[in-house]
Amino acid sequence: MNADTPDADTPRADTPRADTPRSGTPHAGAAHDGTPAAPGRVVLLTASHRVAPGLLSWPAWRTLHAADRVLCADAGHPQLPYLREAGVTVEIAAPAAEELVAACAPGRTVVVLATGEGDRALTDGLARMAGSGRVAMPDLELLPGSYDLPGARLLDLVEVMDRIRRECPWSSRQTHQGLAKYGIEEAYELVEAIEDGDRDELREELGDVLLQVVFHARIAEEHEEEPFSVDDVAGTIVEKLIHRHPHVFGDERAETPEEVKEHWLRTKAVEKRRASVTDGVPLGQPGLALAAKLASRVRTAGLDVTPPSGDGIGYELLALAVRAEAAGVDPEAALRAAGRAYRDAIRAAEGRGATG
């Protein structure tokens with residue numbers, strides 16, 4: 001670029017400041033014949049930082065090209081290189097509300113490219129002017145140039161987790177092994193929120209479980225030999241879901257939940273190629289859940305296996321868990337419900353003792 005050629009972000013010498021009318025142009029609010037001038041238009045253009053810069057809607061591009069002036073307070077705004085490439089001249093300026101209103105008269109359109117931190121002072125100033133009733137205000141328009149897609153806040157979570165991993169003295173030292181207990185705790189707290197029916201708690205606990213996934217994935221990026229990222233984790237489960245739902249993404253048909261489960265188990269069997277129906281059943285899970293899972297595998301496979309019997313409460317609990325699974329009852333959930341009732345009875349007894 002020639003040294004004498006102004007940059008696209010720098011106003012030309014003959015370009016008036018936001019608070020300066022063009023030469024020969026009457027001041028804001030006055031036309032040549034004394035009648036009120038057209039108020040003009042202020043367009044606040046926003047763009048999601050989660051969407052790649054330059055990917056703006058057609059209304060946004062059309063407005064940018066048609067505007068009399070385009071202003072931006074941030075010289076490092078990520079959209080600027082793409083606006084320059086598209087031939088849009090952007091002035092680096094942060095006008096006050098009064099200056100911006102004056103720049104719109106007579107009948108001019110001024111686009112303000114919102115910064116990442118927002119333009120609170122400007123919007124508050126415009127609101128005060130409009131509310132005063134003493135100023136002929138231009139039309140004010142909020143124009144989203146790009147929108148967040150569902151799940152966009154997950155990108156924020158990944159970004160925040162990355163920074164925490166790099167800068168937090170505690171988080172930067174954590175390992176998969178060290179975090180394992182928290183995963184179990186968060187899963188139990190999620191179950192409790194579900195069983196309590198507390199929507200606020202449910203939302204919070206789902207977030208805590210999600211944090212465990214993102215945290216472990218961030219740690220996995222640092223493995224010297226077999227690193228993987230949260231994108232790899234998401235990609236794996238996406239592929240699995242598509243493959244196990246041929247009735248949704250393929251040509252298979254499934255009209256009932258039972259047929260869906262049949263598809264799932266058949267596809268899973270091909271994927272895993274397990275030698276036993278017990279393969280993949282984690283032995284470290286709670287005892288009742290383990291017994292019910294084994295009984296479910298036996299029933300699904302059509303095997304005739306009588307639960308072992310013997311002395312001791314363990315065999316009695318095993319028989320109860322198998323019976324519950326056959327009846328469609330989750331023995332863990334049933335025992336937790338009974339445990340809650342027992343807890344309530346204890347609290348009631350404590351209350352009677354305190355008042356007795």
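What to note about this one:
- Residue pairs meeting the criteria (Cβ under 8 Å; at least 6 apart or on separate chains; first farther than 20 Å from G339 by Cβ, in the stretch 181-205; second open to solvent by 90 Å² or more (accessible area, probe 1.4 Å) and assigned to a loop (DSSP other than H, G, I, E, B)): none
- Among the residues examined, L265 does not qualify as open to solvent by less than 50 Å² (accessible area, probe 1.4 Å), part of a helix (DSSP H, G or I) and within 27 Å of G328 (Cβ to Cβ).
- Filtering the stretch 197-229 to residues that are under 15 Å from R166 (Cα atoms) and not in a loop (DSSP other than H, G, I, E, B) leaves V214, F215, H216, A217, R218, I219, A220.
- Any hit, the stretch 149-166, residues being within 21 Å of L113 (Cβ to Cβ), open to solvent by less than 80 Å² (accessible area, probe 1.4 Å) and either out of contact with any Asp or Glu (no Cβ under 9 Å at 6 or more places or on another chain) or touching a residue at least 60 places away in the same chain (Cβ under 8 Å) (or both): yes
- Just one of the numbered conditions (1) within 44 Å of the chain's Cα centre (by Cα); (2) part of a helix (DSSP H, G or I); (3) at pLDDT 90 or above is not true of T300: (3).
- If the condition is being in contact (Cβ under 8 Å) with a residue 40 or more places away in the chain and over 13 Å from Y182 (Cα atoms), then the stretch 215-231 contributes R218, I219, A220, V230.
- Any hit, the stretch 93-103, residues being open to solvent by less than 20 Å² (accessible area, probe 1.4 Å), in contact with a Leu (Cβ under 6 Å, 6 or more places away or on another chain) and closer than 18 Å to P53 by Cα: no
- Only listed residue being free of Cβ contacts under 8 Å to residues at least 12 places away in the same chain and either in contact with an Asp or Glu (Cβ under 9 Å, 6 or more places away or on another chain) or within 25 Å of H247 (Cα to Cα) (or both), chosen from V298, V270: V270
- Scanning the stretch 271-288 for residues that are charged (D, E, K, R) and within 28 Å of E185 (Cα to Cα) returns a single hit, D279.
- Residue count for the stretch 320-356 under the criterion of being open to solvent by 70 Å² or more (accessible area, probe 1.4 Å), part of a helix (DSSP H, G or I) and under 19 Å from T306 (Cα atoms): the result is 3.
- For the stretch 233-254, filtered to residues that are open to solvent by 80 Å² or more (accessible area, probe 1.4 Å) and not β-branched (V, I, T), the residue that is nearest to L265 (Cα to Cα) is H243.
- Tally, over the stretch 62-82, of residues that are assigned to a loop (DSSP other than H, G, I, E, B) and closer than 16 Å to T46 by Cβ: 6
- V281 of a type in the set (V, I, T) and either loosely packed, with under 14 Cβ neighbours inside 10 Å or at pLDDT 95 or above (or both): no
The values are calculated or read from the model by the stated rules, or taken from the named source; none is laboratory data. Nothing here was measured: the structure is a model prediction, and the numbers come from that model. Cβ: placed from backbone, ideal geometry, glycine included. Neighbour counts: every protein chain shown. Heavy atoms of the whole protein, side chains included, go into the accessibility calculation; ligands, DNA and RNA do not. Shrake-Rupley method; radii C 1.70, N 1.55, O 1.52, S 1.80 Å.
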